[in-house]
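See below for the structure under consideration.
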Amino acid sequence: MTSATIRGGPAGLLPATARGNAAAALCVALGTLAIGGCGSFSSKAEPSAGKPAVEKAGKLEIDANPEGQLAYTTNKATATPGRVTITMKNMSGVPHNIAIQQGSSGATQGPTPVLGASKFVTGGSASVTVSLKPGTYTFFCQAPGHRAAGMWGTLTVK
């Protein structure tokens, strides 16, 4: 195979075939990145995973992401039936709260009413106390768009 050397510009001393191959490789790499980033889009954002929160003596702690992301530090919690006080620590500057709804409606509001909700807080803690029966509940942030962005999780009571 023969190649011609083209002088001038930043490619200066690269043979024309090498510049063409490098340009083609760059295009393939950029195209792969662009396509790969589009493959996992979902209209129902999944919450972030972490170590499940476990209720102890009627107290359950589910903290907001400390960096201000629209997420809690866990997406799963367990509790026993009865009165449970859920405390959410939010050390970020983004206002968050925690609300409880019966059922597993995930990122959408669902048909059941909210059983309880804490106040919104930044740089501190807020709590809500609810009476829970055995079943599945959804905990979520009531700030507009936060639940849809993935700030929710499942609380199992048994």
Given the structure, is G31 over 20 Å from the mean Cα position of the chain (by Cα), at pLDDT below 95 and loosely packed, with under 13 Cβ neighbours inside 10 Å? yes
Filter pass, G103 being at positive phi and over 15 Å from the mean Cα position of the chain (by Cα): yes
Selection within region 125-158 - part of a strand (DSSP E or B), without any contact (Cβ under 8 Å) to a residue 60 or more places away in the chain and closer than 13 Å to Q109 by Cα: Y137, T138, F140
What's the total number of residues in region 80-117 that are in contact with an Asp or Glu (Cβ under 8 Å, 6 or more places away or on another chain), among the polar types (S, T, N, Q) and outside any loop (DSSP other than H, G, I, E, B)? 2
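Rundown of residues vs (1) hydrophobic (A, V, I, L, M, F, W, C); (2) surrounded by 12 or more Cβ atoms within 10 Å (Cβ to Cβ); (3) modelled with pLDDT of 50 or more; (4) under 16 Å from V128 (Cα atoms), yes/no style:
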residue: T17; (1), (2), (3), (4): no, yes, no, no
residue: N21; (1), (2), (3), (4): no, yes, no, no
residue: L26; (1), (2), (3), (4): yes, no, no, no
residue: G36; (1), (2), (3), (4): no, no, no, no
residue: S42; (1), (2), (3), (4): no, no, no, no
residue: E55; (1), (2), (3), (4): no, yes, yes, yes
residue: N97; (1), (2), (3), (4): no, yes, yes, yes
Looking at E67 and the list (1) loosely packed, with under 15 Cβ neighbours inside 10 Å; (2) modelled with pLDDT of 95 or more; (3) of a type outside the set (S, T, N, Q), which single condition is not satisfied? (2)
Qualifying positions in region 62-78 - within 16 Å of F140 (Cβ to Cβ) and either part of a strand (DSSP E or B) or among the aliphatic types (A, V, I, L, M) (or both): I62, A64, L70, A71, Y72, K76, A77
Of these, T122, T112, T108, which one is without any contact (Cβ under 8 Å) to a residue 24 or more places away in the chain and farther than 19 Å from G58 by Cα? T112
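The values are calculated or read from the model by the stated rules, or taken from the named source; none is laboratory data. Only a predicted model underlies this, so the values are computations on that prediction, with no experimental measurement involved. Every residue, glycine as well, gets a Cβ built from its backbone with ideal geometry; the counts of neighbours run over all protein chains shown.
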